[in-house]
Amino acid sequence: MNQRFQNEERDSVRDRYAGNKLFQAICSIGSQLEYELNGFGLCPEECFMEVKEILTAIAEKGEAFMQEAENCWLNKYNEYKRFDRSIDNDELRKVVGIVFAFVILTIDSSRYHFYRYKLTEQLMQTIANHKFNGWQSTLNQIFSVPLSDGWFDAFIDEEPEDGEDISLPKDLNTKKARKYFAKALHKGYMKKNSDGTYDWTGTDNKGNRSELAYFCGIIYGYVHTVSGNAGNDFPEESLNKLFGVSRLYSSLTQVYNAKKTQRWRSLIDEIF
């Protein structure tokens, strides 16, 4: 059996999230689901982190996630396919289906109509569009796991569990910025210096300035159009100073004006 999460990673997740109700819910049947996935080996710890990643995107994007559900499915499917191309397609669909089912279990705990009904219906339809053998039985098994009402609402309101001391200048210091700076640090895409500045090391350790510009554009609300930025004012001067670079806005517009989508963009998108 393939195993994406190694023992050290599993131990780390168990130690950090032992008291997390969703983690406990996944663990309660996760071993059985792992056994059913004969070739893939989706352990409960990885399943929890995959679910948490999607929940974070939902919490951040809200109703906009409705339009991204199908792409989210396909991105996960392709990610798992790249891990081992010998895995049967039906099993790959089952892996993604299990992750999505736990997402549905979680948002169904919400007291908000959008999450509990509209988004749940959309995600169920996405699973149905890519259904696998025995899909309804697997989903029913997952949906039978209890999760307290309001769990997802509490998750939305939580400060990000980043474990990092994110200090930013006043004009850059937002909850969203602290959250995703922490994620980029965790990924190793950037590092914090002793003087409070940051260096962007990049997705391949080359420190690509275009990557940094794209990353910051998402955080600070840049919206590209042919006539210019239709989003928030991009805080170029402060960001240039924080990262020790220049002409970040110019790099940002070049990213979006490129004829082909850069391969590294999908790696940055995964952070969000």
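The values are calculated or read from the model by the stated rules, or taken from the named source; none is laboratory data. On a predicted model such as this, the values are computed, not experimentally measured, just so you know. So basically every Cβ, Gly included, is an ideal-geometry build from the backbone, and we count neighbours across all protein chains shown.
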- Message: Based on this model, can you work out whether His186 counts as within 18 Å of the chain's Cα centre (by Cα) and either of a type outside the set (D, E, K, R) or farther than 30 Å from Leu212 by Cα (or both)?
- Response: yes
- Please state which of the following conditions Arg14 fails to meet, knowing it meets all the rest: (1) farther than 21 Å from Asp157 by Cβ; (2) of a type in the set (D, E, K, R); (3) at pLDDT 90 or above. (3)
- Message: For the range 228-246, which positions are assigned to a strand (DSSP E or B) and surrounded by 11 or more Cβ atoms within 10 Å (Cβ to Cβ)?
- Response: Asn229
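Give me the helices (runs of 4 or more DSSP H) completely within the range 137-227, filtered to those with at least 3 residues that are at pLDDT below 90 and either of a type in the set (Phe, Trp, Tyr) or in contact with a helix residue (DSSP H, G or I) (Cβ under 9 Å, 6 or more places away or on another chain) (or both), ordered by residue number.
151-157, 175-187
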- Query: Under 6 Å by Cβ, and 6 or more places apart or on different chains, what pairs join a residue from the range 212-239 that is in contact (Cβ under 8 Å) with a residue 24 or more places away in the chain and farther than 21 Å from Glu60 by Cα with one that is of a type in the set (Lys, Arg) and assigned to a loop (DSSP other than H, G, I, E, B)?
  - Reply: none
- Task: Quickly run through the range 256-272 and pick out the residues that are outside any loop (DSSP other than H, G, I, E, B) and not acidic (Asp, Glu).
- Result: Tyr256, Asn257, Arg265, Ser266, Leu267, Ile268
- Query: Which condition does Ser194 not pass, out of (1) surrounded by 12 or more Cβ atoms within 10 Å (Cβ to Cβ); (2) outside the structural domain of Ile107 (by TED's automatic domain parsing); (3) of a type in the set (S, T, N, Q), if it passes all the others?
  - Reply: (1)
- Query: In this structure, is Leu105 buried (at least 23 other Cβ atoms within 10 Å of the Cβ), in contact with a Lys or Arg (Cβ under 9 Å, 6 or more places away or on another chain) and assigned by TED's automatic domain parsing to the domain that holds Asp149?
  - Reply: no
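Based on this model, can you work out whether Glu34 counts as part of a helix (DSSP H, G or I), in the same structural domain as Gly134 (by TED's automatic domain parsing), modelled with pLDDT under 90 and within 29 Å of Ser148 (Cα to Cα)?
Working: part of a helix (DSSP H, G or I): yes; in the same structural domain as Gly134 (by TED's automatic domain parsing): yes; modelled with pLDDT under 90: yes; within 29 Å of Ser148 (Cα to Cα): yes.
For Glu34, the condition - part of a helix (DSSP H, G or I), in the same structural domain as Gly134 (by TED's automatic domain parsing), modelled with pLDDT under 90 and within 29 Å of Ser148 (Cα to Cα) - is met.
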- Report, by residue number, each residue of the range 55-81 that is over 14 Å from Ser266 (Cα atoms) and either part of a loop (DSSP other than H, G, I, E, B) or of a type in the set (Lys, Arg) (or both). Lys61, Lys81
- Over the range 84-95, the set of residues in a helix (DSSP H, G or I) and either under 12 Å from Leu33 (Cα atoms) or not aliphatic (A, V, I, L, M) (or both) is Asn89, Asp90, Glu91, Arg93, Lys94, Val95
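Within the range 124-136, does at least one residue satisfy the condition of being assigned to a helix (DSSP H, G or I), in contact (Cβ under 8 Å) with a residue 12 or more places away in the chain and in contact with a Cys (Cβ under 9 Å, 6 or more places away or on another chain)?
yes
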